[in-house]
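Only one structure is covered here, and it is reproduced in the block below.
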């Protein structure tokens, strides 16, 4: 097996995620923008995009954290903490995307690309978008961990001789979960990053009110 095939075999989820995000940006970020009213068919199509954004971004971050971030140490800080971190990240990325749409509507579209549609439909639409992103991320992660727990339970029932391996894994997870100092430090950094974004978010909603 040559080096390129070996690289693809080890990192195929990254390739799959990259292909998905290129398609997502094209469908809902370029082709999907269009004039629509709140709650009509075009609006629901846009909200479907935000639901997919929240779901797939949650799985993308879950894969990254469990595979690469500090060589997988995040998997041992507890599922609840991991879900919380990912949902917060999805919410932040959703805010950044809405800021990009605002910049498009205020500067690029009217000044250079006026034949193309605006990205945002008003303050109500934006608020709903910001809620849908983390909501579907949370739902996706809860369903994922529930199914993993169910599959593990079924596996233990069908392969009772492998029970010791499961116990050892749980003990390792519990011990490493006691690294609360590292976990608290990471949370502190995330909160500080969110605080830095708050002025931009307030300015974002101020500009939305001016556009009405």
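Selection within the range 23-43: residues that are more than 15 Å from the chain's Cα centre (by Cα) and under 20 Å from residue 90 (Cα atoms). The member of this set that is modelled with the highest pLDDT is 23. Within the range 116-132, if we keep just the residues that are in a helix (DSSP H, G or I) and surrounded by fewer than 16 Cβ atoms within 10 Å (Cβ to Cβ), the residue that is modelled with the lowest pLDDT turns out to be 123.
Counting residues in the range 86-96 that are surrounded by 16 or more Cβ atoms within 10 Å (Cβ to Cβ) and at pLDDT below 90 gives zero.
Quick grid of which residues meet (1) within 27 Å of residue 53 (Cα to Cα); (2) outside any helix (DSSP H, G or I); (3) modelled with pLDDT under 75:
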residue	(1), (2), (3)
101	yes, no, no
134	yes, no, no
153	no, no, no
162	no, no, yes
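Pairs meeting the criteria (first residue in the range 12-26 and farther than 19 Å from residue 51 by Cβ, second residue assigned to a helix (DSSP H, G or I), beta carbons under 7 Å, at least 6 apart or on different chains) are 13/63; 15/8.
Within the set 54, 72, the sole residue that is at pLDDT below 85, in contact with a helix residue (DSSP H, G or I) (Cβ under 8 Å, 6 or more places away or on another chain) and assigned to a helix (DSSP H, G or I) turns out to be 72. Using the structure shown, decide if residue 17 is under 20 Å from the mean Cα position of the chain (by Cα), within 22 Å of residue 83 (Cα to Cα) and either part of a helix (DSSP H, G or I) or at pLDDT 85 or above (or both). For residue 17, the condition - under 20 Å from the mean Cα position of the chain (by Cα), within 22 Å of residue 83 (Cα to Cα) and either part of a helix (DSSP H, G or I) or at pLDDT 85 or above (or both) - is met.
Here residue 149 meets the list (1) at pLDDT 80 or above; (2) surrounded by 13 or more Cβ atoms within 10 Å (Cβ to Cβ) almost entirely, failing just condition (2). Here residue 81 does not qualify as closer than 28 Å to residue 210 by Cα, in a helix (DSSP H, G or I), at pLDDT 75 or above and within 16 Å of the chain's Cα centre (by Cα).
The values are calculated or read from the model by the stated rules, or taken from the named source; none is laboratory data. Values in this document were obtained by computation on a predicted structure and should not be read as measured data. All Cβ positions, glycine included, derive from the backbone under ideal geometry; neighbour counts span all protein chains shown.
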